[in-house]
Amino acid sequence: MKKALLYFLIFPTFLSAQINESDSLKVKASLSITGFWQDGNVETLILRGRTDFSIKPWEKWVFKNTNSYVYQEFGKEKADADFLSLNFLYFNPERRFYPQVLGVVSTNFRREIDLRYLVGAGATYQILDKKDNWLKASLTFEYEETDFARGVFNNAEYNGDQSINTFRSTIWLNGRYELFKKKIILTHETYFQPSLQQSDNYRWQGEIGIDLPLWNFLSFKVNYRHTFESIVIENQEREDKFLTFGFTLKSF
């Protein structure tokens with residue numbers, strides 16, 4: 001059992017694919033696990049997991065859920081233990097323009113976020129609508145509450161209160177493209193999320209992935225993610241960057 005665990009930690013594995021809620025399939029699911037383990041002079045443990053699931057509970061409705069978890073440990077000292085749950089309910093997602101409601105829950109150990117949640121609604125427009133090549137833009141509005149472990153921030157205006165509440169708008173852009181006769185698959189997910197009440201309170205994230213198909217359901221994957229958050233606990237960096245390598249296994 002221990003040898004099997006170390007195998008998955010040393011050799012990162014992706015078993016996921018970006019799910020398009022406008023597809024006609026009634027149920028879709030995927031699982032991703034990535035990891036890295038090193039012992040000796042430098043002790044490092046990194047685990048990342050993600051699940052994607054979508055279902056059509058009624059004829060014109062689609063529910064999509066994405067859960068992700070990150071754990072990092074360096075020299076037996078915990079550096080990250082983060083959870084994120086994205087939940088969307090779409091109405092008529094097969095149309096060019098369709099509405100949605102959303103709920104988001106997250107925690108972040110390193111940024112000392114005990115709990116963050118957002119609830120809101122908006123709409124999506126399909127800029128490019130093809131089976132294997134698509135591009136979508138969304139605009140949503142949310143109410144957010146973030147509970148921090150401490151009340152001392154990089155911006156003194158927010159000091160003294162461990163909870164920050166605000167209304168936000170979010171611009172989402174995501175897509176998938178098959179290039180060079182399906183020899184390269186490019187995916188991207190980006191959002192920009194400013195506060196509607198506080199001009200200095202905003203965040204953004206950009207993620208891009210390249211898949212090189214090996215067989216019908218298996219490909220080699222390179223993924224890069226860059227995140228930024230303007231309001232953080234004092235002396236913390238506002239940016240994070242992740243570059244990962246592995247494989248993609250999908251069933252649809």
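The values are calculated or read from the model by the stated rules, or taken from the named source; none is laboratory data. This is a predicted model, so every value here is computed, not measured. Here the Cβ positions follow ideal geometry from the backbone for every residue, glycine too, while neighbour counts run over all protein chains shown.
Could you tell me how many of the residues in segment 209-252 are within 30 Å of VAL152 (Cβ to Cβ), of a type in the set (Val, Ile, Thr) and free of Cβ contacts under 8 Å to residues at least 60 places away in the same chain?
Going through segment 209-252, the residues within 30 Å of VAL152 (Cβ to Cβ) turn out to be 225-242.
Filter once more, keeping what is of a type in the set (Val, Ile, Thr): 227, 231-233.
If we keep only those that are free of Cβ contacts under 8 Å to residues at least 60 places away in the same chain as well, we get 227.
Residues in segment 209-252 being within 30 Å of VAL152 (Cβ to Cβ), of a type in the set (Val, Ile, Thr) and free of Cβ contacts under 8 Å to residues at least 60 places away in the same chain: 1 in total.
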Margin query: Of the conditions (1) under 23 Å from the mean Cα position of the chain (by Cα); (2) in contact (Cβ under 8 Å) with a residue 24 or more places away in the chain, ASN165 satisfies every one except a single condition; which number is it?
Written below: (2)
Margin query: Of the conditions (1) under 18 Å from the mean Cα position of the chain (by Cα); (2) surrounded by 15 or more Cβ atoms within 10 Å (Cβ to Cβ); (3) over 22 Å from ASP52 (Cα atoms), THR170 satisfies every one except a single condition; which number is it?
Written below: (3)
Next item on the list: State which residue pairs qualify: first residue closer than 12 Å to GLU145 by Cβ and inside segment 101-127, second residue crowded, with 17+ Cβ neighbours inside 10 Å and among the aromatic types (Phe, Trp, Tyr) in any location, beta carbons under 7 Å apart, and separation of 6 or more residues or different chains.
Entry: ILE113/PHE148; ASP114/PHE148
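Could you run through segment 154-196 and say how many residues are assigned to a loop (DSSP other than H, G, I, E, B), acidic (Asp, Glu) and touching a strand residue (DSSP E or B) at 6+ places or on another chain (Cβ under 6 Å)? Even if it seems obvious, please write down each step before you answer.
Looking only at segment 154-196, we keep the residues that are assigned to a loop (DSSP other than H, G, I, E, B), and these are 154-155, 159-162, 180-183, 196.
Those still in the list that are acidic (Asp, Glu) too: 161.
Still in the list and also touching a strand residue (DSSP E or B) at 6+ places or on another chain (Cβ under 6 Å): none.
Going through segment 154-196 one residue at a time, the tally reaches 0.
Might you check whether a residue that is among the aromatic types (Phe, Trp, Tyr) and either modelled with pLDDT of 95 or more or surrounded by 15 or more Cβ atoms within 10 Å (Cβ to Cβ) (or both) occurs anywhere in segment 227-247? Spell out how you get there, then give the answer.
Of all residues in segment 227-247, those among the aromatic types (Phe, Trp, Tyr) come to 228, 242, 245, 247.
With either modelled with pLDDT of 95 or more or surrounded by 15 or more Cβ atoms within 10 Å (Cβ to Cβ) (or both) added as a condition, the list becomes 228, 247.
Yes: one or more hits.
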Margin query: Can you confirm whether TYR143 is touching a residue at least 40 places away in the same chain (Cβ under 8 Å) and either of a type in the set (S, T, N, Q) or surrounded by fewer than 17 Cβ atoms within 10 Å (Cβ to Cβ) (or both)?
Written below: no
Notebook entry, point to check: What number of residues within segment 197-218 are outside any loop (DSSP other than H, G, I, E, B) and either under 20 Å from the mean Cα position of the chain (by Cα) or of a type in the set (A, V, I, L, M, F, W, C) (or both)?
Noted result: 14
Margin query: Going residue by residue through segment 132-151, is there one that turns out to be in contact with a helix residue (DSSP H, G or I) (Cβ under 7 Å, 6 or more places away or on another chain) and part of a strand (DSSP E or B)?
Written below: no
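Condition test on LYS2, is it among the basic types (Lys, Arg), modelled with pLDDT of 75 or more and over 20 Å from ALA81 (Cβ atoms)? Step through it out loud before you land on a result.
Details: among the basic types (Lys, Arg): yes; modelled with pLDDT of 75 or more: no; over 20 Å from ALA81 (Cβ atoms): yes.
Considered against the rule, which asks whether it is among the basic types (Lys, Arg), modelled with pLDDT of 75 or more and over 20 Å from ALA81 (Cβ atoms), LYS2 comes out as no.
Which is modelled with pLDDT under 90, part of a strand (DSSP E or B) and among the aromatic types (Phe, Trp, Tyr), of TYR98, TYR69?
None of the other options fit; the residue is TYR69.
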